Each structure stands twice: as C-alpha cells, then as structure tokens.
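The values are calculated or read from the model by the stated rules, or taken from the named source; none is laboratory data. Remember, predicted model here, so these are calculated numbers, not experimental data. All Cβ positions, glycine included, derive from the backbone under ideal geometry; neighbour counts span all protein chains shown.
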C-alpha cells in the first residue's frame, strides 16, 4: 500500500529540447567569445537553466563545448547514396558549409590554442569532431570496398588525410574556396586509389 506503480520514475520529467537549447547557447558563446572566455553561467542564463543543470549533463566546460560542436556537425551529415564519389563530395560540401558558418573556424581555433593548458579539451575535440568526420568518410570508402568498387588494398587512411586536411590547408593558405572545391578535392584524393573499373 502506498507504493508507486512499477516503472514510474521519480523527479520531474526531462524537458524535450533542453539539451539542444543548452548546446546552442554554448555554440553562441564559443562563436562570439571563444573557449577561454566562454562562461558556463552565461550559457545557463541564455538557455534558461541553472548551472547545476549543466553539470548534470556535462562534467566540464570542455565536455560541454565539444558536445556542442559535435551537435553542429552531426546534424548535417548527408545520407549515403551508394555512389562513393558522390557521397564523398556531398560530405566535403557539408564539411565546408559547417566550417564556413559565422565563426566556424574561430571556434575550432579557440579550442586548439588551449592544447597545452587543457589537454583534455583537445582529446575530446579529436574524439568527438575529427574522428567522427573521418569515420563518416571511412564508411563511404569501406562500403565501396565491400561492393567491390574499390580494391581492398586501397590506402584509405591516406585518402582520409587528404580529404579532411585539404580544407584546413586551403583555409590557412588562401581563406577563400572555389565553388567546385569539393569536386576537385575528391578528384585528387580518390583518383589515387585503386578503383576497379
């Protein structure tokens, strides 16, 4: 008597969309102020939550910042079509659009500058952002191997370095991008692989 029905959970139900609202507030802070000046108090205030609410979800500012960047990246991954070249180009186009958003590269730069002081931040950035991007491209090429389009001896890791690194190299060297940058980059990286024609 007096017992709660089975399966009933204590406490208030989790508000739908709250995590996304917090992560968006964190992105706004990262983009305008950078990681060092990003304030958990300001993120909480903008999202309309308390600071303990943040800590119940993310253990640190580094955890929150990289989770916000991961949300930004993962929300835009294009679905695969089964055509490896087209899928790589679509992925590169989305990658470029993501980083060319207002303050896109600035957000990444503010994380990298903290490498010596906060190695955990760079570890999370690599794990959540860089590895996720590389994994999406790796899946495209691995699927091409499974379909018999690409020889299994293909150096996929080298191709990934060319595909992902090309954006940063172009940005640092020139800052502007031709409209056909994804097609040209995919062509250079993929044409060097042993395709089965």
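Would you mind finding the one in 189, 144, 179 that is over 30 Å from residue 29 (Cβ atoms) and assigned to a loop (DSSP other than H, G, I, E, B)?
179
So that you can scan it fast, the table gives a plain yes or no per residue for (1) in contact with a strand residue (DSSP E or B) (Cβ under 8 Å, 6 or more places away or on another chain); (2) over 22 Å from residue 80 (Cβ atoms); (3) surrounded by 12 or more Cβ atoms within 10 Å (Cβ to Cβ):
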| residue | (1), (2), (3) |
| --- | --- |
| 148 | no, no, no |
| 173 | no, yes, no |
| 176 | no, yes, no |
| 189 | no, no, yes |
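On the given criteria, is residue 103 within 17 Å of the chain's Cα centre (by Cα) and surrounded by 13 or more Cβ atoms within 10 Å (Cβ to Cβ)?
Against the criterion (within 17 Å of the chain's Cα centre (by Cα) and surrounded by 13 or more Cβ atoms within 10 Å (Cβ to Cβ)), residue 103 qualifies.
Residues in segment 152-165: is at least one more than 23 Å from residue 82 (Cβ to Cβ) and outside any helix (DSSP H, G or I)?
Scanning segment 152-165, I find no residue that is more than 23 Å from residue 82 (Cβ to Cβ) and outside any helix (DSSP H, G or I), so the answer is no.
Quick one: which of 67, 44, 26 is crowded, with 17+ Cβ neighbours inside 10 Å, outside the structural domain of residue 115 (by TED's automatic domain parsing) and within 18 Å of residue 113 (Cβ to Cβ)?
26
When the residues of segment 125-144 are filtered to those that are modelled with pLDDT of 90 or more and buried (at least 17 other Cβ atoms within 10 Å of the Cβ), which remaining residue is farthest from residue 62 (Cα to Cα)?
The residue in question is 144.
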